[in-house]
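Working notes, structure below.
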Amino acid sequence: MGSIITGTGSYIPTIVRTNESFDGQTYYDEGQTLIDKPTHEITKKFEEITGIRERRYSSLDLNNSDIASIAAARAIKDAGIDVESIDHIIFAHNFGDIQNQSNQTDILPALASRVKHNLGIKNSNCIPYDLIFGCPGWVQGVIQANTYFRAKEGTTALVIGSDMLSRILDPVDRDSLIFSDGAGACIIQDNSDENGVLATNTCAHTLEEVNYLFMGTSNAPESDPNERFIKMKGRKVYEYALKNVPTAMKDCIDKAGIEVKSIKKIFIHQANEKLDNGVVKRFYRLFGYKSPPENIMPMSVNELGNSSVATVPTLLDLVLKGKMKNHKLEKGDIILLASVGAGMNINCICYQI
């Protein structure tokens with residue numbers, strides 16, 4: 001008896017920023033020392049490491065709750081449900097709404113409440129709340145919805161993952177090239193059949209790892225010390241993910257009681273192409289395989305960048321809608337959803353279509 005995803009939707013922003021579009025940008029390191037290299041050398045090296053060629057930024061007339069509402073409406077339409085039947089709206093994000101030309105986070109009221117308002121939902125028993133869990137937020141929202149259903153608390157949930165990282169970036173920090181904007185959503189419902197959510201797994205490491213992603217001051221000399229931007233200890237995050245994510249994924253499918261060869265696709269947080277390939281390779285090595293099966297992992301990070309909580313639901317929506325070449329899913333297929341991010345948090349879902 002598991003919960004099933006009955007509809008998906010996403011919003012991919014319209015503004016495309018290629019690596020070449022950053023030509024002429026000046027970069028400084030964390031010590032506020034000028035990186036004395038031509039921009040094209042910096043972006044070329046960045047692309048070699050991450051695989052990111054371009055990313056998407058939202059237009060200035062939209063905010064995070066707006067693009068989330070678009071993705072949510074598309075998921076609701078795809079599921080073919082009445083909005084008044086939704087029991088829970090779980091909105092995973094990390095930075096709230098951020099007005100253009102301001103990096104101040106606005107989370108009052110909760111973004112989930114704003115989405116409920118935008119969707120025109122009248123049902124007072126539909127409970128909206130925000131979930132701050134780093135990049136794994138959307139996956140965790142699905143896990144929470146499944147838990148509600150097992151506890152007989154409702155039968156239908158709208159789970160959203162949406163962030164606008166473009167408005168919290170330090171433009172002189174090379175790491176800012178990784179991040180992007182986007183929104184993904186799903187309708188998940190209680191189900192009496194055996195398919196749907198087969199098993200879940202979540203873990204968190206908060207001792208020395210807690211500040212691998214954090215809010216910090218700009219790398220620019222003489223910058224305002226009161227302003228904060230998203231910052232990342234890239235090497236630490238990379239090593240942490242390679243070490244811990246494969247094991248968490250294995251634990252999840254072990255809980256599900258399935259064989260690794262049964263997995264049709266792996267939807268992993270689109271953080272960095274090299275990192276994601278490394279995680280999946282190490283995952284299969286835990287089962288004695290030298291390399292993963294061909295075409296096991298859809299990738300969107302090359303064109304869409306890292307949109308935090310939005311990467312997994314957006315990727316899932318694209319594949320389910322037949323919008324990713326060489327990737328499709330059929331009824332009965334088993335997939336693995338996995339994410340890692342600030343906290344540091346890791347989570348996984350073993351799911352049967």
Task: Residue list for region 164-201, restricted to those being within 15 Å of the chain's Cα centre (by Cα) and not aliphatic (A, V, I, L, M) - done: Ser166, Phe179, Ser180, Asp181, Gly182, Gly184, Cys186
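Mind listing whichever residues of region 93-127 are closer than 23 Å to Leu337 by Cβ and either in contact with a Pro (Cβ under 8 Å, 6 or more places away or on another chain) or free of Cβ contacts under 8 Å to residues at least 60 places away in the same chain (or both)?
Result: Leu111, Ala112, Val115.
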Open item on the list: Ser300 - would you say it is surrounded by 16 or more Cβ atoms within 10 Å (Cβ to Cβ) and hydroxyl-bearing (Ser, Thr, Tyr)?
Closed with: yes
Task: Looking only at region 342-353, and only at residues there that are touching a Leu at 6+ places or on another chain (Cβ under 7 Å) and not in a loop (DSSP other than H, G, I, E, B), the one that is nearest to Glu273 (Cα to Cα) - done: Cys348
TODO: Could you tell me whether Thr43 is outside the structural domain of Arg228 (by TED's automatic domain parsing), crowded, with 17+ Cβ neighbours inside 10 Å and farther than 30 Å from Gly141 by Cα?
DONE: yes
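If you check Ser69 against the conditions, is it without any contact (Cβ under 8 Å) to a residue 60 or more places away in the chain, assigned by TED's automatic domain parsing to the domain that holds Ala183, buried (at least 22 other Cβ atoms within 10 Å of the Cβ) and not hydrophobic (A, V, I, L, M, F, W, C)?
Here the answer is yes, as Ser69 does meet what is asked.
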Open item on the list: Go through (1) closer than 30 Å to Phe214 by Cα; (2) free of Cβ contacts under 8 Å to residues at least 60 places away in the same chain for Leu337 and report which single condition fails.
Closed with: (2)
Task: First in region 314-332 and among the β-branched types (Val, Ile, Thr), second anywhere and part of a helix (DSSP H, G or I), Cβ under 9 Å, 6 or more apart - done: Thr314/Ala71; Thr314/Leu304
- [ ] From the list Ile188, Ile121, pick out the single residue that is closer than 30 Å to Asn302 by Cα and at pLDDT 95 or above.
- [x] Ile188
Task: Hits in region 94-130 - residues which are hydrophobic (A, V, I, L, M, F, W, C) and either touching a strand residue (DSSP E or B) at 6+ places or on another chain (Cβ under 7 Å) or assigned to a strand (DSSP E or B) (or both) - done: Phe95, Ile98, Ile107, Ala110, Leu111, Ala112, Val115, Cys126, Ile127
Task: In region 103-120, the residues that are touching a Ser or Thr at 6+ places or on another chain (Cβ under 7 Å) and not hydrophobic (A, V, I, L, M, F, W, C) - done: Arg114, Asn118
- [ ] Scan Arg174, Arg167 and give me the residue that is farther than 30 Å from Lys243 by Cβ, outside the structural domain of Val301 (by TED's automatic domain parsing) and charged (D, E, K, R).
- [x] Arg167
Open item on the list: Checking Tyr57 against (1) under 30 Å from Ala256 (Cβ atoms); (2) at pLDDT 95 or above: exactly one of these is not met. Which one?
Closed with: (1)
- [ ] Name every residue in region 243-270 that is under 20 Å from Met324 (Cβ atoms) and assigned to a loop (DSSP other than H, G, I, E, B), in order of residue number.
- [x] His269, Gln270
TODO: Scan region 1-25 for residues that are assigned to a strand (DSSP E or B) and out of contact with any helix residue (DSSP H, G or I) (no Cβ under 6 Å at 6 or more places or on another chain) and jot them down.
DONE: Ile4, Ile5, Ile15, Val16, Arg17, Thr18
Task: Hits in region 72-84 (condition: touching a residue at least 12 places away in the same chain (Cβ under 8 Å) and either in contact with a Gly (Cβ under 6 Å, 6 or more places away or on another chain) or not in a helix (DSSP H, G or I) (or both)) - done: Arg74, Ala75, Asp78, Ala79, Gly80, Ile81
Task: Odd one out for Val172 among (1) assigned to a loop (DSSP other than H, G, I, E, B); (2) of a type in the set (A, V, I, L, M); (3) farther than 26 Å from Asp29 by Cβ; (4) in contact (Cβ under 8 Å) with a residue 40 or more places away in the chain - done: (3)
- [ ] Tell me which of these Leu131 doesn't satisfy, since it passes every other one: (1) among the aliphatic types (A, V, I, L, M); (2) under 30 Å from Asn244 (Cβ atoms); (3) surrounded by 23 or more Cβ atoms within 10 Å (Cβ to Cβ); (4) out of contact with any Lys or Arg (no Cβ under 9 Å at 6 or more places or on another chain).
- [x] (3)
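The values are calculated or read from the model by the stated rules, or taken from the named source; none is laboratory data. Because the structure is a prediction, the values reported are computed rather than measured. No Cβ is skipped: glycine too gets one built from the backbone with ideal geometry, and neighbour counts run over all protein chains shown.
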